[in-house]
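The values are calculated or read from the model by the stated rules, or taken from the named source; none is laboratory data. On a predicted model such as this, the values are computed, not experimentally measured, just so you know. Positions of Cβ are backbone-derived with ideal geometry, glycine not excepted, and every protein chain shown enters the neighbour counts. To get the accessible areas, we keep the full protein, side chains included, count just its heavy atoms, and leave off ligands, DNA and RNA. Shrake-Rupley method; radii C 1.70, N 1.55, O 1.52, S 1.80 Å.
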Amino acid sequence: MTPATRREVLGLYRKILQIAKNWQSASGQIEETVREKEYIKNEARTLFRKNKNVTDPKLIKQCIAECEARIEIGLHYNIPYPRPIHLPPMGLAHKQGRTLRHQEKLRKISKPIYLKSHDEVS
């Protein structure tokens, strides 16, 4: 990891912790605000630790883009949790075969960047 990339990653981590510190839930309830603050800190800690040994520059850029997207979406919607995606059901594909593999591939490709790591951690 280059020093510039390291600085960028550490800056994102600091930004997330600052957001968690100043976070207010949409409902304004204290219990919910505390729960959401803890979720933000735990999610950041988990994902940053999971990706600390990543050395591929392309994968690092993808992780940075995901982090920035999740920050922007969280701040915009005032919801710290990842927004759900609504993909069409698997259709009439058989339980095995080329059609099922093709549909699974399309579903994987169509997943938004801000949810790439969410399923792996949850």
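Output the residues belonging to the stretch 47-68 that are open to solvent by less than 50 Å² (accessible area, probe 1.4 Å), in a helix (DSSP H, G or I) and of a type in the set (A, V, I, L, M, F, W, C).
Within the stretch 47-68, Leu47, Ile60, Cys63, Ile64, Ala65, Cys67 qualify.
For the stretch 1-22, which positions are in contact with a Pro (Cβ under 9 Å, 6 or more places away or on another chain) and modelled with pLDDT under 95?
Met1, Thr2, Thr5
Out of the residues in the stretch 69-84 that are in contact (Cβ under 8 Å) with a residue 12 or more places away in the chain and assigned to a helix (DSSP H, G or I), which is farthest from Val34 (Cα to Cα)?
The selected residue is Ala69.
Looking at (1) open to solvent by 90 Å² or more (accessible area, probe 1.4 Å); (2) over 20 Å from Glu72 (Cα atoms); (3) assigned to a loop (DSSP other than H, G, I, E, B), which one does Gln24 not meet, given that it meets all the others?
(2)
With the condition kept exactly as written, say whether any residue in the stretch 10-17 is in contact with a Ser or Thr (Cβ under 7 Å, 6 or more places away or on another chain) and of a type in the set (A, V, I, L, M, F, W, C).
no
Quick one: Ile40 ticks every box in (1) without any contact (Cβ under 8 Å) to a residue 12 or more places away in the chain; (2) in contact with a helix residue (DSSP H, G or I) (Cβ under 7 Å, 6 or more places away or on another chain) bar one, so which box is it?
(1)
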